[in-house]
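The values are calculated or read from the model by the stated rules, or taken from the named source; none is laboratory data. All values reported here derive from a predicted model rather than from experimental measurement. Glycine also receives a Cβ, built like all others from the backbone with ideal geometry; neighbour counts cover every protein chain displayed.
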Ligand SMILES: [Zn+2]
């Protein structure tokens, strides 16, 4: 299925999303061990500065600082999970104005369903809680990202669908000989079919083994269903240089791969780890 909002967006050509938030928040003073999501309440101005930097770079859709804002990563009831998510959506909404859309992000719980770390219903409740608060904060859509377990991704899609916003469902393919499977061995076509069946409006991939490895994954996703495809690749694999994480791909190199993704069937393009507003601006120039 897909929604009128999504249909309208993709009918006008490639849609530019945003880049990474973590590195930008660190540049604004977030320390390495700190959970970025708490800043929605403690430092909303700095989070809004990151959101505004992507609007200025030319993003047509920006995400939110809510990737880890679930009750497992936050310490419920010490943290107000609902308030953190609602504020995250409100901050991006303020930065977006009325030209840019806000698709709020939901990441994995980091709990393993397969070994009974947590029960399915607890995971479902956590995603429902997050999605409802993001909708309340004014999100136009929800992006489920960086999933590696298909069962968790399906539960997330089903839970998020209940709030009635368009749902983008993305997994991370970075494992195996060809770096085209998730950590749990799921292929792009398996993911596409399962997520479409669960009710996703858009399917996709984020992060992974760098943008130069993303086109075959995109083609496999696009070939498996009729749904629009969302691609947010990273700026290469992270390397540790003198205790600092470095990504080798430059904004121009990144933008140079975008045509391959569009040819492979991508409808939405943006960046994941290592990408910055400069990357998004380079892609915007490239797309004209
Ligand atoms: Zn990433």
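A residue that is more than 19 Å from residue 130 (Cα to Cα) and in contact with a helix residue (DSSP H, G or I) (Cβ under 6 Å, 6 or more places away or on another chain) occurs nowhere in the range 159-171. Residue 89 falls short on exactly one of the conditions (1) in a helix (DSSP H, G or I); (2) over 26 Å from residue 199 (Cα atoms); (3) under 20 Å from the mean Cα position of the chain (by Cα), and that condition is (2). Of the residues 255, 282, 214, 266, the single one that is at pLDDT 95 or above, within 16 Å of the ligand (Cβ to nearest atom) and under 30 Å from residue 49 (Cβ atoms) is 214.
The residue list 16, 41, 5 contains one member that is touching a residue at least 60 places away in the same chain (Cβ under 8 Å) and more than 22 Å from residue 258 (Cβ to Cβ), which is 5.
If you take the residues of the range 140-157 that are farther than 18 Å from residue 270 by Cα and in contact with a strand residue (DSSP E or B) (Cβ under 8 Å, 6 or more places away or on another chain), which of them is nearest to the ligand (Cβ to nearest atom)? Residue satisfying both the conditions and the ranking: 148. The set of residues in the range 173-208 being assigned to a loop (DSSP other than H, G, I, E, B), within 17 Å of residue 231 (Cα to Cα) and within 16 Å of the ligand (Cβ to nearest atom) consists of 173, 174, 179, 182, 207, 208. Looking only at residues in the range 230-282 that are touching a strand residue (DSSP E or B) at 6+ places or on another chain (Cβ under 6 Å) and in a helix (DSSP H, G or I), the one that is surrounded by the most Cβ atoms within 10 Å (Cβ to Cβ) is 279. Of the residues that sit in the range 158-172 and are more than 16 Å from the ligand (Cβ to nearest atom) and in a loop (DSSP other than H, G, I, E, B), which one is surrounded by the most Cβ atoms within 10 Å (Cβ to Cβ)? Of everything passing the filter in the range 158-172, 166 is surrounded by the most Cβ atoms within 10 Å (Cβ to Cβ). Taking (1) surrounded by fewer than 24 Cβ atoms within 10 Å (Cβ to Cβ); (2) touching a helix residue (DSSP H, G or I) at 6+ places or on another chain (Cβ under 6 Å); (3) in a helix (DSSP H, G or I) in turn, residue 227 satisfies each apart from (3).
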